[in-house]
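Enquirer: Handing you a structure now.
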Amino acid sequence: MRRLVLLLALFWALPLFAAEPPAPHATNALLVVDVKRILDESKASVSVQKKIEAQRAAFQTEIAAKEKLIRDAEQELLATRGKLEARVYAERENQLRQKFREVEQYVQDRRRLLEQATTLSMGKVRSVLLGIVTEIARRRGAQAVLIKQQVLWAENALDITDQVLERLNAQLPDLPVEIETPKEPAKEGKKP
């Protein structure tokens, strides 16, 4: 009889426990996303990298031509060393040094502008990426999204990387890269 009373009490209490709602977001409190993979593989990121590399290659060709002009001018100046007055030689040598500093400044400006364009473009990718991650996290009731590289272990069901990558590719398949043009070094009518 005592057993029967205990079973009846348990039977009556069971619906009370079952009616209690589960803790909010208990099953999907955390999600995981591989941001590095997304930034390496997304169409927009790949297109930005290709455009930056093409600009960098063109820049290297342009700089190599400018450096050759300076080397040629230096060789010409060295060839006239014994033929020119010391004052004239020193003046031309200073002009050559000035030209070198101008080209050096141009190179630094160009690199800075390439880095700036990369930062701005990848910032746009990250912004869209964050919006997509936020939307998926809210829809799945997550309270936080962790970067995969900072997680020791997680169930595969918590990884939303593929979903994010698919949406990012659909939403941002290509991204224009805007690179400012630096000021050209001053051109002089006469050789240094």
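Enquirer: Tally the residues that are at pLDDT 95 or above, of a type outside the set (A, V, I, L, M) and not in a helix (DSSP H, G or I), restricting the search to region 15-70.
Expert: Residues flagged as at pLDDT 95 or above, of a type outside the set (A, V, I, L, M) and not in a helix (DSSP H, G or I) within region 15-70 amount to 2.
Enquirer: When the residues of region 163-187 are narrowed to those that are in a helix (DSSP H, G or I), in contact (Cβ under 8 Å) with a residue 40 or more places away in the chain and among the hydrophobic types (A, V, I, L, M, F, W, C), which ends up surrounded by the most Cβ atoms within 10 Å (Cβ to Cβ)?
Expert: Looking at the filtered set, the residue picked out is 164.
Enquirer: Could you list all residues from region 137-162 that are in contact (Cβ under 8 Å) with a residue 24 or more places away in the chain, in a helix (DSSP H, G or I) and within 22 Å of the chain's Cα centre (by Cα)?
Expert: Matches in region 137-162: 148, 149, 161.
Enquirer: Would you check which residues across region 159-192 are modelled with pLDDT under 75 and of a type outside the set (A, V, I, L, M) and list them?
Expert: 182, 183, 184, 185, 187, 188, 189, 190, 191, 192, listed by residue number.
Enquirer: Then there's this: Being more than 29 Å from residue 170 (Cα to Cα) and buried (at least 17 other Cβ atoms within 10 Å of the Cβ) is true for just one of 84, 77. Which residue is that?
Expert: Only one candidate passes the filter, namely 77.
Enquirer: Here is a follow-up. Looking at (1) in contact (Cβ under 8 Å) with a residue 12 or more places away in the chain; (2) more than 17 Å from residue 37 (Cα to Cα); (3) in a helix (DSSP H, G or I), find the lone condition where residue 126 falls short.
Expert: (2)
Enquirer: Starting from region 81-110, take each residue that is free of Cβ contacts under 8 Å to residues at least 12 places away in the same chain and list its partners that are of a type in the set (D, E, K, R) and part of a helix (DSSP H, G or I), counting only C-beta distances under 8 angstrom and pairs at least six apart or across chains.
Expert: 84/92
Enquirer: Just one of (1) under 19 Å from residue 57 (Cα atoms); (2) modelled with pLDDT of 95 or more; (3) not small (Gly, Ala, Ser) trips up residue 111, so point out which.
Expert: Condition not satisfied by residue 111: (2).
Enquirer: Moving on. Here's a check for you: in region 87-121, which residue that is surrounded by fewer than 18 Cβ atoms within 10 Å (Cβ to Cβ) and under 12 Å from the mean Cα position of the chain (by Cα) is farthest from residue 40 (Cα to Cα)?
Expert: For region 87-121, the residue satisfying everything is 116.
Enquirer: Considering only region 129-147, state which residues are surrounded by fewer than 18 Cβ atoms within 10 Å (Cβ to Cβ) and either in contact with a Cys (Cβ under 7 Å, 6 or more places away or on another chain) or on the phi < 0 side of the Ramachandran plot (or both).
Expert: Result: 130, 131, 134, 135, 136, 138, 139, 140, 143, 144, 146, 147.
The values are calculated or read from the model by the stated rules, or taken from the named source; none is laboratory data. All of these numbers come straight from a predicted model, not from anything done at the bench. Methodologically, a virtual Cβ is constructed for each residue, glycine included, from the backbone with ideal geometry; neighbour enumeration extends over all protein chains shown.
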